[in-house]
Each structure stands twice: as C-alpha cells, then as structure tokens.
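Beneath this line is the structure, given in structure tokens, with notes to follow.
Read the figures in this text as sums done on the coordinates, not as results from a lab. Being a predicted model, the structure only gives us computed values, none of them experimental. Using ideal geometry, Cβ is built from the backbone for each residue, glycine included, and neighbour counts are taken over all protein chains shown.
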Amino acid sequence: MISLLAAPAAPKAGTASNPPPAATKAVGPTTAQLQVAERLVGPALTDGHAYSRLTELTDGVGARLAGSEASEASVQWALRSFKADGVKAWTEPVKVPHWIRGEERAELLPSDRFRGHSLQVMALGGSVETPPEGITADVVEVSSIEELTALGDRVKGRIVFFNHTMKEAEDYGRFAGLRGHGPSVAAKAGAVATLVRSLATASLSTPHTGSTRFDDGVAPIPAASVTVEGAELLHRVLANGGSARVHVVLGCKNLPDADSFNVVAEVKGSAKPEEIVLLGAHLDSWDVGSGAHDDGAGVVMVMEAARLIARQKPAPRRTVRVVLFMNEENGLRGARAYAEAHAAELPRHVAAMEMDAGGGRPLGVALRAGEGASELVQPWLSPLAALGAGKLMSGEAGGADLSPMVSAQVPFFVVRVDSSRYFDVHHTHADTLDKVDPEALAKSTAAVAWTAYAFADMPTTLARPTAPPTAPSLVAPPSQGTPPAPAPGAVKPATH
Ligand SMILES: [Zn+2]
C-alpha cells in the first residue's frame, strides 16, 4: 500500500511556522483529509471491485446500444449495483434513437487490372439501408470535406470514400468529422453511398463503427466504415488515375425513438448538500464488442468512487452525484435530458467530470475553470503522486456528455488516462474485457475517487469558466462517437 500521508502539501494551519493562509491562498488537504485519501485509494487499488463490476457489465450485459434490450438491462444492472453499494440511485427518462444493424458486406469488384476482393465494413450508426440487392458504383476518394465539395458534380452517382491519415490517439479529433458529417455532405452532393476509413490506431482487419448524422433536409444515404486494410487497398487501386467499382449491402434500420433512462446516484453532502460535484460516464456502448473501454471502464470508475466515498464519515461537504448517461454514442440525448431536467441546479454544479477515454492508467488531472483554478487544485493532487497522476495537465477538461453544461459555465475536471491504445479497439468487436488491464483500471479508479472527494470537500470551489466562445460546436456533434470540435480555447475534445 502506498503511504499518502508522506505526500507533501499537508499544511497544519495555525502553527507558528505555518500561519493560516489568507482566504485567497490555496489550501491543500488537512491531515484528516489525507487520511480519507488513504481510505479511498487503498481499497480502490486492492479490492478489485471496479474490475469485477466491469466483468458484470461486459460479460453479463454485453454490447448495449441505446434503444436495445441490453441497454435496459444495463440500466437495471446499474440500479442493482448502486443499491448493493448503499448509494441512493434512481432513473430519469430519456427518449433515444433506436438504430439496428443488419447484414453488411462489400466487395471491390474485379477489373481488367485485378481480381475482386472482399472489404470488411460496418454500417455507421444513423446510416440507412441499401436496397436488398445492394448498391454498385464507382468510388471517388477524398481526404477532406473541402476536397469533396471541390469535386462538385463528379460526386454524383458515386460512392465517396473518405480516406485519412490517423496514426495516433491525438488524431481522432482531426478526422472524426469525416465520419460524423462527411456522409451528409456526400449525400447532398449526389453520392449514392459512402465508405469511411476506420478511425483506428491499429488494425487486424477490424472495422470501427461510430455515428454519422445527416443534416435536416438531406436525404440520407448508406454509410459504412471500412477497415484500414480495405482503405489502403482502395487507395492503391485508385492511385494514378485507376478506377474502383464497389458493391455494398447494408441492412441497418432507423426505428422509432425508444424510451430509456439515465441512471443518477448520489452521496449527499454533509455541509453544503445543495452544491454538486458531478461524476459522469456513459452507460450505452456500440452494438459490437462489449464496450469494455468505451465506456464500461468510465462507468465502473465513477460507480466505485461513489461506493468508496459513501463509506466515509462524515460525508464530504458537498454532494457527489454520479450520472450514467444514456445514448452518448449516437445522439447525446441523455446529456441533453440531464441538462434540461436539472437546468435550475446547474449554477450549483460546482465541478463536473466525464470519464470516457478508456481504462488506461491515470496520468494527471486537467481542468476547465476560471482564474486561479490551477493554483487552487494543485495542492490537492499530492495523494495522486504515488499513482503517477499527481500533476495538472495542459489542455482543457470536457466531454461529450458535459457539453450541454458549457453554457451554464459549469467548471470541468477530468482524470486523464493513458489513451494511447484506446483507438486500437474503440467502437469495434474487439472492445472487450480482456483489453482492460486490471491494475491500470484500479489506479485510475483510485485517482477518480480521491479527485472527486477533493472537489467535494475542499474549502472553496473553482471559479466558473468564462462564457463559452464556441459553445455551439461543443453541443452539435453527437458522441465520443464524435467529440466536441476542436477550437482554440475551447474544451479539449475528449478522446472518445
Ligand atoms: Zn465513449
């Protein structure tokens, strides 16, 4: 066990050598608070509770796209789990899109230059189906929406293939718009279908799904992701003026909206229960794999934080509220429903975090808050030093499910985790429990538990961030699926 009491920055206020700080000066945790840190971090590291919970969610419930029966099973699982933990929990209604996958296959048709090849594809959430016999058309490759627009009429009747150069996790925000919005632009230009290169940092012929959204007034066209290998093949065939003809069959469907729920749980504050520290993660996943990293890991981290904090007596000053959002992946309906239902309370949300970047080890803490926030928070990170996460990180905290709270100027924080391998499996059949390292998950869980407690129990609260310069772009695109659009000074796009 790691001793946290040895960590620096535990001022004994009031002694001669350490006079009580002025109200404006940052005050770190007291000895009693550092003892709480021990009681949160120790069990998080040794109990294995978060990983057991993740096993229940991934193996027991599995893939849980919003609107599916499995997503409702995940809601019931979360309620049962909070109850077992002694944490008060309830559901709040959300109407969600209901999209289902069907048959999906594609092939590069033979030409006089090469034999045919099958292409591994997955429909993008929100895509419409092809006719039963499929669509056959020539392929045109583009690497940006601007390039697509510049093609004008040459797109008509074609399958638009969006290629890109994603290499590492940090590239996700740059290229996610090709998937999220590219098919809509292609449809408007007269394309008959689209193939989007998977947003991936590794591939063993694994297509990566994700959501796409068609603008109002645009007739949707079938849209699928294609593997990195398939994209490279198409690129080689099309290079130097070559042509490629592809046949694609998709059986996916958009059904009427379904009834679903956010799951909300809380540990009431002992002194200022009206002030809320929100811990978020999303309960839904894509319909493939079992959503272990995305976002089962985040779900069990925030649940475990609540379980451990609920055991502390007295409770922290402020209320710790966990929100398991529904429908982050293909609609953000849960995020919007929460912000609307709790609009009157948002001015009293003193800090909010969303854990949605996988179950990697913790690296540090990032903030999005007003002036003086870094100085205020830094002394409280000492208990994270032994976890390798005791530093404030550059870039702003945020998250797709928090985006509707930006306009209410809610301060955000996040425990950044190592996401360097997250996009190897993100939105694929391979996002399964075996990809999650129990030790890394335990460490990040410990970091979340202490950070949440610290924000709920520190003497003062974070200054609220200034009015958002780019709020509309933060709200528009759905999902870690499609993260908030990067913009200078805006909330850093989360890595999902
Ligand atoms: Zn996610």
Give the shape of the range 27-178 as rounded, prolate or oblate, defined through the alpha-carbon gyration tensor: a ≥ b ≥ c are the square roots of its eigenvalues, a/c under 1.5 means rounded, and otherwise the shape is prolate if a/b is larger than b/c and oblate if not.
prolate
Förster radius 22 Å - calculated FRET efficiency between residue 144 and residue 245, Cβ distance, rounded to 0.05
0.40
Neighbours of residue 59 by Cβ distance under 12 Å: Lys/Arg at +1, Asp/Glu at -1, summed charge -1
Charge tally for neighbours of residue 116 with beta carbon under 11 Å away, counting Lys, Arg as +1 and Asp, Glu as -1, is +1
Among 240, 180, 292, which residue has its Cα positioned farthest towards the positive end of the charge dipole of the range 180-339, with +1 placed on the Cβ of Lys and Arg, -1 on the Cβ of Asp and Glu, and the dipole taken about the Cα centre?
292
Suppose every K and R has +1 on its Cβ and every D and E has -1 on its Cβ; what is the size of the dipole of the chain about the Cα centre, in Debye to the nearest 20?
1140 debye
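Using 31 Å as the Cα-Cα cut-off, could you pick out the over-long pairs in 313/435; 83/391; 95/156; 95/313; 95/188?
Working: 313/435 36 Å; 83/391 34 Å; 95/156 36 Å; 95/313 38 Å; 95/188 28 Å.
Exceeds cut-off: 313/435; 83/391; 95/156; 95/313.
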Considering only the other residues whose Cβ falls under 13 Å of the Cβ of residue 275, what net charge follows from Lys and Arg at +1 and Asp and Glu at -1?
+3
Taking the 0 to 90 degree range and rounding to the nearest ten, how far is the long axis of helix 31-46 tilted relative to the main principal axis of the chain, both from C-alpha atoms?
40 degrees
Charge dipole (debye, nearest 20) of the range 102-251; +1 at Cβ of Lys and Arg, -1 at Cβ of Asp and Glu
220 debye
For the range 267-352, what size does the Cα cloud have along each of its three principal axes, sorted from largest down, in whole Å?
44, 29, 14
Estimated inter-spin distance, residue 434 and residue 115, nm [label 7 Å along Cα→Cβ]:
3.1 nm
For the peptides 139-151, 305-317, 325-337, what is the packing order when you average, over each peptide's residues, the other Cβ atoms within 10 Å and list the highest mean first?
325-337, 305-317, 139-151
Going by average Cβ neighbours within 10 Å, how do the peptides 52-59, 413-420 rank, with the highest at the top?
413-420, 52-59
Spin-label pair residue 204/residue 31, simplified geometry with 7 Å Cα→Cβ offset, distance in nm
5.4 nm
Is it possible to state the helix-based mean residue ellipticity at 222 nm for the chain, with each DSSP H run of 4+ residues giving -39500 (n - 2.57), the sum divided by total residues, to the nearest 500 deg cm²/dmol? What is it?
-7500 deg cm²/dmol
How big is the C-alpha Rg of the range 121-187 next to the rule-of-thumb value 2.2 N^0.38 Å, as a ratio?
1.19
Calculate log10 I(q)/I(0) of the chain for q = 0.11 Å⁻¹, where I(q) comes from the Debye formula with a single equal point scatterer on each Cα and nothing for solvent.
-0.85
Take the alpha carbon gyration tensor of the range 102-251, find the square roots of its eigenvalues, order them as a ≥ b ≥ c, and report rounded if a/c is under 1.5; if not, report prolate when a/b exceeds b/c, else oblate.
rounded
Pulled fully out, how much extra length does the chain show between residue 83 and residue 254, if you take 0.36 nm times their separation in residues and subtract their Cα-Cα distance?
58.1 nm
When a/c reaches 1.5 or more, the comparison of a/b and b/c decides; with that in mind, is the range 82-121 rounded, prolate or oblate per its Cα gyration tensor?
prolate
Give the average over all directions of the projected area of the C-alpha convex hull of the range 177-255, one decimal, in nm².
6.2 nm²
Residue-span extension gain [residue 59 to residue 73] - 0.36 nm each, minus C-alpha spacing:
3.8 nm
